[in-house]
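Novice: Here it is, the structure in full.
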């Protein structure tokens, strides 16, 4: 009895699994069309069935179909089957209509499609053919710029994420940027995204796949309506046709499409005037502030460092730090500015600092008055102020303190004044011991005879260098090498100027590498295969690691034509090119 129950359970499970694998659905060429356009409806199933019944196409006239197509193929021992009934419809009036349920019998069970709504509008100026490959590609491929906040404050971080949505009906390849946004009136930082990965999502309620092809953090530098320029991509799109190959598979046609993300308008709000501090320098975010010396006890003429630091999240690179005020008895040098800031989709975070070197001249006590830092807090929408503590510097040993008099009077900021008494010019030498100059005439002097004979002595030099110049001009091979070497340096410099412009950068980089090879290996561009370059460098006894890096640079220039690249990647390639060329120069 138990054995029968086990077999019955397995049979029902297999039957349910077979039923679950059946797929029957309706697909439209478009969900919105003009009254003078045509609509294509495909009813697709993945198993053969009988007694197909189409819906009642209310609001439409059937002008073609049903056309039946069958695809039956075996791939790696796995069977793939598809059967499609296609209808071509012409709308009879404007309005919103419903394509009803179609039914079919598969394996003794009845399956139905889901109803789909279609909107028919007024006639369009140029009807679009649902079978046209360009039109199908344009309707199933969309580049969208998603902006995190379209109404930010001045200097508040916003992010722009570019997503390319691709319908399951088409396939794409060879994605490349042809026009990058300039982000005028914004401080911008591109976020490296690495390798493109496909994700599942929805576009206007329909299932789509998408890839994130760009991320940028922006800080608006002006108020009012600012424009974000569109990103434009060139993509190869494979569009399915009604034709089949000998194995029943769909045949595709390839079209080139340029898609743009569209212009986005950002309305930037000014920071509120109410409560704005007089010393506000434009800091927006959430910050901490401190002033810290590396020591507070020392001798005269020794040095100490006082660091003014702001840390947190916000526009760290876009404002000035408050200045440190010190008493007259401390000698102050220009501060050293340091930044430790990383930029993510959340904006800038990290710290910035100014490090002051202070040198006391006399012994005594020197109070460094507090300084304050103000910023606009985005969380509370208010201005906040942070004030540092007073720092007291004790100078134990030094020159006689009797030469200075500490004035107990302080300024409005708490700064102690130190005045000097006695001879204030004791360090100046008042007796110069100046001697009169002997007057010397130019005529018949040493300078006179040198000026007279120098042109005569220069004639043999002119003849010698003229002969060398003629020899150099007649050296055709050497001139070609020198010209190629000069062009290599020129294009490498041009590549550095075009950091951030991917196309121009890698064109200049490739020209620099090719001209360098012309100069060093005496080969032409047409002979520059990777194997030949590798062999010649090995013959010149260039080490293998340097050769591999040089070949990798050439490959980077080739790959950059088809894949997007960030500014940081370009900087790394430029640094690598400079290092590799210098290394080969030394070894040659």
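Every read-out reported here was derived from the displayed coordinates using simple, explicitly stated rules and does not represent laboratory data. Model, not experiment: these values are computed from the prediction. Backbone-built Cβ (ideal geometry, glycine too); neighbour counts: all protein chains shown.
Novice: For the range 21-128, what ratio Rg/Rh do Cα atoms give with a Kirkwood hydrodynamic radius?
Specialist: 1.04
Novice: What is the gain in length, in nm to one decimal, between residue 117 and residue 558 on full extension, counting 0.36 nm per residue of separation less the C-alpha to C-alpha distance?
Specialist: Between residue 117 and residue 558, full extension yields an extra 154.0 nm.
Novice: Rank these for me by crowding, 280, 24, 559, going from fewest to most other beta carbons within 10 Å.
Specialist: Fewest-to-most Cβ neighbours within 10 Å comes out as 559, 280, 24.
Novice: For 228, 265, which order do you get if you count the other beta carbons within 10 Å of each Cβ and list the fewest first?
Specialist: Ranked by crowding around the Cβ, least crowded first: 265, 228.
Novice: Still on this structure: Could you work out how far apart the two model spin labels at residue 274 and residue 31 are, taking each label as a point 7 Å from the Cα in the direction of the beta carbon, and quote it in nm?
Specialist: 4.5
Novice: Another one. Starting from a Cα-only point model with no solvent, please compute log10 I(q)/I(0) by Debye for the range 293-405 at q = 0.17, 0.23 1/Å.
Specialist: -0.85, -1.26
Novice: Follow-up. When all C-alpha to C-alpha distances in the range 129-212 are sorted into bins of 10 Å, what percent of pairs does each bin hold, rounded to whole numbers?
Specialist: Here the calculated profile for the range 129-212 is 13, 41, 30, 14, 2.
Novice: Would you kindly state how much longer the chain becomes between residue 387 and residue 344 on full extension, computed as 0.36 nm times their sequence separation minus their alpha carbon distance, in nm to one decimal?
Specialist: The span from residue 387 to residue 344 would gain 12.6 nm if fully extended.
Novice: Now a separate question. How would 557, 213 line up from fewest to most surrounding beta-carbon atoms within 10 angstrom?
Specialist: Exposure proxy ranking, most exposed first: 213, 557.
Novice: Still on this structure, I have one more. Computed on alpha carbon atoms, what radius of gyration and Dmax characterise the range 135-268, expressed in Å?
Specialist: So, for the range 135-268, Rg and Dmax equal 17.5, 63 Å respectively.
Novice: How far apart, in nanometres, would the label points at residue 299 and residue 81 be if each is projected 7 angstrom from Cα along the Cα-to-Cβ direction?
Specialist: If labels sit at residue 299 and residue 81, their model points lie 9.8 nm apart.
Novice: Would you kindly state how much longer the chain becomes between residue 529 and residue 206 on full extension, computed as 0.36 nm times their sequence separation minus their alpha carbon distance, in nm to one decimal?
Specialist: Net length gain for the segment: 111.5 nm.
Novice: Apply 1/(1 + (r/R0)^6) to the Cβ-Cβ distance of residue 61 and residue 585, taking R0 = 60 Å, and write down the FRET efficiency to the nearest 0.05.
Specialist: Between residue 61 and residue 585 the formula returns 0.20.
Novice: Order the peptides 371-379, 548-556, 214-222 from the highest to the lowest mean number of other Cβ atoms within 10 Å of their residues.
Specialist: 214-222, 371-379, 548-556
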